[in-house]
Amino acid sequence: MIQIKRFNSITPDFDSNLEKLLAFENAQDNAVDSIVTTILADIRKRKDTALIEYTNRFDRLSATSAKDLELTQNHLQQSLAALSPAQRNALEQAAQRIRSYHEKQPLNSWQYTDPDDTLLGQKVTPLDRVGLYVPGGKASYPSSVLMNAIPAKVADVKELIMVVPTPAGERNDMVLAAAAISKVDRVFTIGGAQAIGALAYGTETIPQVDKIVGPGNAYVAAAKRQVFGIVGIDMVAGPSEILVICDGKTDPDWIAMDLFSQAEHDELAQSILLSPDAEFLDQVMHSINRLISEMPRKDVIRTALENRGALIQVQDLEEACAIANRIAPEHLELSVDQPENWVNKIRHAGAIFLGRHACEALGDYCAGPNHVLPTSRTARFSSPLGVYDFQKRSSLIQVSQQGAAKLGEIASVLAYGEGLQAHALSAEYRYKKQ
């Protein structure tokens, strides 16, 4: 029997219990940080030489040159050709849906001219070069390639460089095929903190990028934190999360499996169900205990559900939405009748799934929206990865003689008020006769 927590929102200790449930000490491991700091400094100093040494040591390879670590486009096409028809079709259909969704996102440049003939606006331009980190070896995350690479390409990033470790030379055809379908420009078989360092600082072989995206282990996450500011990063993601709001009318087996779908990621993942129907919560608990034995990752699921999962009885769906906003989950399922009537009650969530048939797993792979989402309550202030993450915006200011006189007087007063005389004079020179 799984010992998953049961709460009721009307009990006096509910707020404190919820706070404890949501608390996640994402403490940085000092030992990991120290190792990463050393690796990054070595990559920055010795470049390719250090990169080859670390790659050979950690991935058990015998490369003699960084060029040995690059895969050609032919390699990617060979991996694509090696897939079964079902695998290739699934990747291509998912890619098409992801591309179609993201093509609706691009931010356009704009400008206007105000009454004093001053032109103001915004110029949107893509990043020049982006690095994409993908876990490798036995891990197979082709969906991560699609979700990170496709919006970058839609944004018109000039060069997309993917790094993926190949421990003992083990390559994953689905990952490399996804790179081919996503039109990744260059692929290097490197991983870990050394790969992040190579992308951030550049080496003789690997060019420096402007931004690094993609998931990784604790060393990769620590390296991304440390190089932020030298390059941009997407985010440092926490454990995966799902929150399900259900009115009690959905098949309890469906809901149990939805909770499993996040719990199977790792022991720190969080799965929470909110429902006003106590009997339905009992039914879901029964489904959980009946279905858990069928799961290959049952030990991981059990640990996640017992440590960070909960079934919560609420007074009504209105309260469920209010609690959801406190939790600000990565994934939120509104498994209710007429979900469109409740979606406007939700202010904070990475992705919102509407209705009983919209399970989170579809969003992970092929629905279209990005699966790179804010975790650990950061949905309160951040958004899913998108085309906008691969673009930057420059302000446009063109001032006429008439505008220089009007704006110069305003700027001069404010500059003197701040004690910045050169600022004031710079503005005054444009409209005062000398």
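When residues in the range 153-200 are screened for being in contact with a strand residue (DSSP E or B) (Cβ under 9 Å, 6 or more places away or on another chain), closer than 18 Å to residue 42 by Cβ and not in a loop (DSSP other than H, G, I, E, B), 7 of them pass. Among the conditions (1) crowded, with 22+ Cβ neighbours inside 10 Å; (2) at pLDDT below 95; (3) of a type in the set (Asp, Glu), residue 258 misses just one, which is (2). Contact annotation: residue pairs with Cβ atoms under 9 Å, 6 or more positions apart or on different chains, pairing a residue in the range 295-310 that is within 23 Å of residue 246 (Cα to Cα) with a partner that is buried (at least 16 other Cβ atoms within 10 Å of the Cβ) and among the hydroxyl-bearing types (Ser, Thr, Tyr), are 301/271; 304/271; 305/271; 308/271; 309/271; 310/271. Of all residue pairs spaced 6 or more apart or on separate chains, those with beta-carbon atoms under 7 Å, a first member in the range 381-398 that is aromatic (Phe, Trp, Tyr) and a second member that is part of a strand (DSSP E or B) are 390/126; 390/130.
For the range 395-434, the tally of residues that are over 18 Å from residue 120 (Cα atoms) and touching a Ser or Thr at 6+ places or on another chain (Cβ under 7 Å) stands at 2. Against the conditions (1) of a type outside the set (Lys, Arg); (2) under 17 Å from the mean Cα position of the chain (by Cα); (3) not in a helix (DSSP H, G or I), residue 150 satisfies every one except (3). Out of the range 55-95, which residues are at pLDDT 95 or above, within 23 Å of residue 167 (Cα to Cα) and of a type in the set (Gly, Ala, Ser)? 79, 81, 82, listed by residue number.
The sole residue among 379, 424 that is aliphatic (A, V, I, L, M) and more than 30 Å from residue 339 (Cβ to Cβ) is 424.
The values are calculated or read from the model by the stated rules, or taken from the named source; none is laboratory data. If you're wondering where the values come from, they're calculated on a predicted model, not measured in any experiment. Ideal geometry is used to build each Cβ from the backbone, glycine not excepted, and the neighbour counts take in all protein chains shown.
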